[in-house]
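Encoded as structure tokens, the structure appears first; notes follow it.
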Amino acid sequence: MAEVVVVEDQDAAGELAARSIVQLIRSTPDAVLGLATGSTPLPLYRALAATVASDGVDVSRVRGFALDEYVGLPAGHPESYRSVITREVVEPLGLDPQRIHVPNGSLEGIEHAGADYERAIVAAGGVDVQILGIGTDGHLGFNEPGSSFASLTRVKTLTEQTRRDNARFFASESDVPVHCITQGLGTILRARHLILLAFGAGKADAVAGAVEGPVSASNPGSAIQLHPHATVLVDGAAAANLRNLDYYRYAWLNKPSWQGI
Ligand code: F6R
């Protein structure tokens, strides 16, 4: 079962996750971070950047792999995930850009971009901690409903709902690419620790489905139930539809402090 921690707000979630990641970097200076984009992880990236600066954490050897990328956006497009990761993570934390990988979404070579990315993750020794958001339709990465739990990095077609959800980053919905390249659910499940963040009432159904719903490819988020170390950090609104909410709160209150998340 995933550990569910209900926090006061997004900043509290960001600080809790950032503390855990800083601890990882202190023990493993070349730690491999799995980096999600979208709105959800931003408070975590802010908290991480603040702690790195205030505590003088050495991040010079930290490595990273983005979860996904749009296919076909022009190089340097401000909403390409390469640009977003550079703007929101690499620059604020002071990471070495050479050590941060993003799937190659350019049309040239797209046929083998997924396999190339998988090889790079394996060569790095795998992902230590994978940061995740969740789509309103339950997607993890861009693994839309129906994605195999064994899937690896590959090109996928975004659902119309995801394109509508992401239209806020573009001039119009029709500007949101139809295709993406995403780590598979199988890739995500190989990471050693999953930290899934979700905030707001709009994510309540997706969170309940992921944590407590039947494990099914129709519900990609439910793949986390197969992972031995998955942490779900949610605010009250995103936790609202969890049946065992009282137990999650009780377990967290009684958790030995040495365990961390
Ligand atoms: C982003 C990603 C997606 C998002 C999800 C939620 O790299 O893989 O799964 O995490 O679409 O997006 P936000 O956080 O914008 O609600």
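The values are calculated or read from the model by the stated rules, or taken from the named source; none is laboratory data. Note that the coordinates shown come from a computational prediction; the quantities given were computed from them, not determined experimentally. Positions of Cβ are generated from backbone atoms using ideal geometry, with glycine treated the same way; all protein chains shown enter the neighbour counts.
Given the residues L233, L242, L196, which is the only one that is touching a residue at least 24 places away in the same chain (Cβ under 8 Å), of a type outside the set (F, W, Y), within 19 Å of L16 (Cβ to Cβ) and part of a loop (DSSP other than H, G, I, E, B)?
So the residue among L233, L242, L196 that is touching a residue at least 24 places away in the same chain (Cβ under 8 Å), of a type outside the set (F, W, Y), within 19 Å of L16 (Cβ to Cβ) and part of a loop (DSSP other than H, G, I, E, B) is L242.
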- Message: Condition check: more than 11 Å from the ligand (Cβ to nearest atom), assigned to a loop (DSSP other than H, G, I, E, B) and of a type outside the set (G, A, S). Does P74 satisfy that?
- Response: yes
- Query: Which residue pairs have Cβ atoms closer than 6 Å, lie 6 or more positions apart in sequence or on different chains, and pair a first residue in the stretch 170-193 that is within 13 Å of the ligand (Cβ to nearest atom) with a second residue that is basic (K, R) and modelled with pLDDT of 95 or more?
  - Reply: V176/R163; C180/K156; T182/K156
- By residue number, the members of the stretch 247-261 that are part of a helix (DSSP H, G or I) and either touching a residue at least 40 places away in the same chain (Cβ under 8 Å) or of a type in the set (A, V, I, L, M, F, W, C) (or both) are Y248, R249, A251, W252, L253, W258
- Task: Could you look through the stretch 141-162, keep only residues that are farther than 15 Å from E69 by Cβ, within 12 Å of the ligand (Cβ to nearest atom) and surrounded by 16 or more Cβ atoms within 10 Å (Cβ to Cβ), and pick out the one that is nearest to the chain's Cα centre (by Cα)?
- Result: E144
- Query: Which residue pairs have Cβ atoms closer than 6 Å, lie 6 or more positions apart in sequence or on different chains, and pair a first residue in the stretch 68-81 that is small (G, A, S) with a second residue that is more than 12 Å from the ligand (Cβ to nearest atom)?
  - Reply: G72/L107; G72/P177; S80/L73
- Out of all the residues in the stretch 137-188, which are outside any helix (DSSP H, G or I) and acidic (D, E)? D137, E144
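Results for (1) away from the ligand (no atom under 14 Å from the Cβ); (2) modelled with pLDDT of 95 or more; (3) assigned to a helix (DSSP H, G or I); (4) closer than 25 Å to T231 by Cα, shown as yes or no for each residue.
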residue: L95; (1), (2), (3), (4): yes, yes, no, yes
residue: G114; (1), (2), (3), (4): yes, yes, yes, no
residue: G125; (1), (2), (3), (4): yes, yes, no, yes
residue: I131; (1), (2), (3), (4): no, yes, no, yes
